[in-house]
1. Quick one: 3J(HN,Hα) in Hz for region 169-179, Karplus 6.51/-1.76/1.60 with θ = phi - 60°, rounded, Gly and Pro as x.
2. For region 1-106, which whole-number percentage of the solvent-accessible area (1.4 Å probe, protein heavy atoms only) is attributable to carbon and sulfur atoms?
3. What order do you get for 132-144, 54-66 when each peptide is scored by the mean count of other beta carbon atoms within 10 Å, highest first?
4. May I ask which of Lys97/Lys135; Lys89/Lys175; Lys15/Lys150; Lys97/Lys150; Lys89/Lys128 have a Cα-Cα span longer than 24 Å here?
5. Please give the per residue accessible area of region 1-123, computed with a probe of 1.4 Å over protein heavy atoms only, in Å².
6. At R0 = 22 Å, how high is the FRET efficiency between Lys15 and Gln83 if r is their beta carbon distance? Nearest 0.05 is fine.
7. Answer rounded, prolate or oblate for the chain, using the Cα gyration tensor with square roots of eigenvalues a ≥ b ≥ c: rounded when a/c is under 1.5, else prolate when a/b is larger than b/c, else oblate.
8. Return the sequence-ordered ³J(HN,Hα) values of region 5-18 in whole Hz as given by the Karplus equation 6.51 cos²θ - 1.76 cosθ + 1.60 applied to θ = phi - 60°, using x for Gly and Pro.
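The values are calculated or read from the model by the stated rules, or taken from the named source; none is laboratory data. Just so you know, these numbers come straight off a predicted model, no measurement behind them. As a convention, Cβ positions derive from the backbone with ideal geometry for all residues, glycine included, and neighbour counts pool all protein chains shown. Areas reflect the complete protein model, heavy atoms only, side chains present, ligands, DNA and RNA absent. Shrake-Rupley method; radii C 1.70, N 1.55, O 1.52, S 1.80 Å.
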Amino acid sequence: MSLSTRIYLSEIDQKFLSQLRAIDCACLGDFWSLEAYQREIDNPSSLMLGLTTENYELLGFGCLWSVLEEAHITVLAVRPEYQGQGFGKSLVWGLLKKARDRNLEWATLEVRESNHVAIALYESFGFKEIGRRPKYYEVTGEDALMLWCKGLHTEEFGVLLGQWHESISENLLAKGWNL
């Protein structure tokens, strides 16, 4: 039997700021500043969720804003060397679980129209395209797709969260990660 590395999905604080920025620069092209991440950590309407090791290495992170009944997922990134192992799926699951815990009813996000991997990830959680923001990304002029997932507060969605958690945990374990 092989040993697995324990990983944790939890809210993160300022001790992760430098790692947040490093992942941001590697994955998102310098999307947010250090100060912006600090504001998100300090804001009670915001939630910074991280996937970490026992040694406090940040493998990936996501952020959501609680706005009335909506969970707006603002950012999601996984260190390049850890991509393709299911960490993004773990983070989306965690953000949706936290949104449900906050009694939010739906989730929204924007994603680059060319980011087919991310789009497939979000669609696996029931997100549907509801619109487009033309030339949303300043650097490239690329459009953003607006995605929406409704019914987070329903009993059915709670059942789905449980099923997804089981599947995600099994897939991670098969790759040597114990969530």
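1. Karplus values, whole Hz, x for Gly and Pro: 4, 5, 5, 5, 4, 5, 9, x, 10, 10, 8.
2. Solvent-exposed carbon and sulfur of region 1-106 make up 49 percent of the total.
3. Details: 132-144: 12.2, 54-66: 19.1.
So the peptides 132-144, 54-66, ranked by packing, come out 54-66, 132-144.
4. Numbers: Lys97/Lys135 31 Å; Lys89/Lys175 14 Å; Lys15/Lys150 34 Å; Lys97/Lys150 13 Å; Lys89/Lys128 16 Å.
Pairs exceeding 24 Å: Lys97/Lys135; Lys15/Lys150.
5. Per-residue accessible area for region 1-123 comes out at 50 Å².
6. Computed FRET efficiency for Lys15 and Gln83: 0.40.
7. Working: a/c = 1.37, a/b = 1.11, b/c = 1.23.
Note, shape of the chain comes out rounded.
8. 8, 6, 10, 10, 10, 7, 5, 10, 10, 5, 5, 9, 4, 5
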